[in-house]
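None of the figures in this text is laboratory data; all of them are computed from the coordinates on show. A quick note: this is a predicted structure, and the numbers were derived from the prediction, not measured. Note that we place each Cβ from the backbone using ideal geometry, even for glycine, and neighbour counts take in every protein chain shown.
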Amino acid sequence: MKLIVPRKTSLCFFIRECEEIGDCFLTEKKIYSAMNALSPFVHRTPIFTSETTNRIVGKKVYFKMENQQKTGAFKIRGATYKIMQLKREELKKGVITASAGNHAQGVAHAAKKAGTTATIFMPVHTPHAKIDATRNYGAKVVLTGESFQEAYEASLELQKETGAAYIHPFDDYDVMAGQGTIALELLRQEDRIDTIFVPIGGGGLISGIAVAVKTINPHIKVIGVQANGAAPVYDSFQKKKPTNWDRVSTIAEGIAVKQPGKSTLPIIMKYVDDVVTVTDEQIAASILYMLERGKTLIEGAGAASIAALFAYHHHFKSKHCGLIVSGGNIDLDEMSHIQKLAAMNHVGSESIAINS
């Protein structure tokens, strides 16, 4: 079993935190095990390239299209791998989780395949498309709270009553390992990549990706991206201590999380090279850019990495840049609002991106 040598840090807090939560490391063996287990059940999603994008940013760019994954997002990877680890006796009690949408569909789909029941708590403002899709996979949906955190707290109460297995959307090592398989795929598809932009909500996706990437090549830079209206991981990274938010607001509801995971944050601090933020206007412009240039529909969370590339490409020395396009489950009723936000995007030369 091979462990990653972490990025040096003198932060006593994170050492103590690791001792409290147990094993703070994901292993190469665990992620490769997830890769082998998931291969019959998930798509090996394609990478998309664009000469227009390359010209704008002066780099070769590779979009990892998880919006073309089963259920329309990467979340099915971690959810499926976690449910695979459950014993038969656990499956009989069903599974439960909270989600802003994509994890809900992943859990619902995986639960159906495993022959167990799923109860999903979702914030009340979750896009209708995600709610309907979750129900169509056979899950029971409970709408509650204004944010993921409120839905999560409500789901924990029911879990205590029922004893159902909890499938956490990000703060679980099996879930992280499942998400990390994206990096293994990406680097097999294009081994010249030297920088990867990854959206961050609670941190499960970037934790799995960062460990997988640093296993293969510790020189590859991993850059996290949050919406500036929901950026507790960014604040935690900059302040070098856990920082929670009382309120979040962003069109990227898939990454609208009030507090980082207790298990994911130490991993992010050790393995992620930088965390940046983008505005809703930049995210909206990136959604339209992919629709017009890539002829593909992506959601706000999936557009965050693209927005970061346009906003920060001058700041990162990279010749071959990977972008995790994490999902495509967007409520079409929101497109007029997205168009208005995109029209307000003025970020120097990046404002020309849509019309280039």
Checking the cross-link filter: which lysines have an alpha carbon closer than 28 Å to that of residue 87, excluding same-chain neighbours under 8 positions apart? 2, 29, 30, 70, 75, 112, 113, 140, 160, 262
Over the Cα atoms, compute the radius of gyration (one decimal) and Dmax (the largest Cα-Cα distance, rounded to a whole number) for segment 180-284, in Å. 13.4, 41
Using every Cα-Cα pair within the chain, state what percent have a distance larger than 27 Å. 40 percent
Gaussian network model of the chain, Cα springs within a sub-10 Å range: biggest mean-square fluctuation belongs to which of 167, 200, 56? 56
Which value results when the Cα radius of gyration for segment 75-166 is divided by 2.2 N^0.38 Å? 0.97
The distance between the Cα centres of segment 263-290 and segment 140-206, in whole Å, is 15 Å
Rel. contact order, % - alpha carbon contacts under 8 angstrom, at least six apart, segment 61-201: 27 percent
Hey, can you grab everything whose amide H is under 5 Å from the amide H of residue 221? Only 5+ residues off in sequence or another chain; H modelled, so Pro and N-termini drop out. 195, 196
List the residues whose amide H sits under 5 Å from the amide H of residue 277, counting only those 5 or more places along or on another chain, with H placed 1.01 Å from N in the peptide plane. 226
Once you treat every alpha carbon in segment 68-119 as an equal point and sum by Debye, what is log10 I(q)/I(0) at q = 0.20, 0.26, 0.27, 0.28 Å⁻¹? -0.59, -0.96, -1.02, -1.08
Just in segment 152-258: which trypsin sites (Lys or Arg not before Pro) are loop by DSSP and have at most 13 other Cβ atoms within 10 Å? 192, 240, 247
Provide 152, 32 in ascending order of the number of other Cβ atoms located within 10 Å of each residue's Cβ, fewest first. 32, 152
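Treating only the Cβ of Lys, Arg, Asp and Glu as charged (+1, +1, -1, -1), what charge dipole size does the chain show about its Cα centre? Round to the nearest 20 debye.
Details: 41 positive and 35 negative charges, 229 e Å.
For the chain, the charge dipole is close to 1100 debye.
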Take the alpha carbon gyration tensor of segment 205-344, find the square roots of its eigenvalues, order them as a ≥ b ≥ c, and report rounded if a/c is under 1.5; if not, report prolate when a/b exceeds b/c, else oblate. oblate
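Treating only the Cβ of Lys, Arg, Asp and Glu as charged (+1, +1, -1, -1), what charge dipole size does segment 75-166 show about its Cα centre? Round to the nearest 20 debye.
Details: 13 positive and 8 negative charges, 117 e Å.
Here the size comes out at about 560 debye.
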Burial ordering of 126, 264, fewest other beta-carbon atoms within 10 Å first: 126, 264
Built amide H within the under 5 Å cut-off of residue 121, gap 5+: 97, 98, 99, 142
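Could you work out [θ]222 nm for the chain from helices alone, using -39500 (n - 2.57) per DSSP H run of at least four and dividing by all its residues? Round to the nearest 500 deg cm²/dmol. Each step should come with its number before you reach the end.
Details: 15 runs with 162 residues, N = 356.
Result for the chain: -13500 deg cm²/dmol, rounded to the nearest 500.
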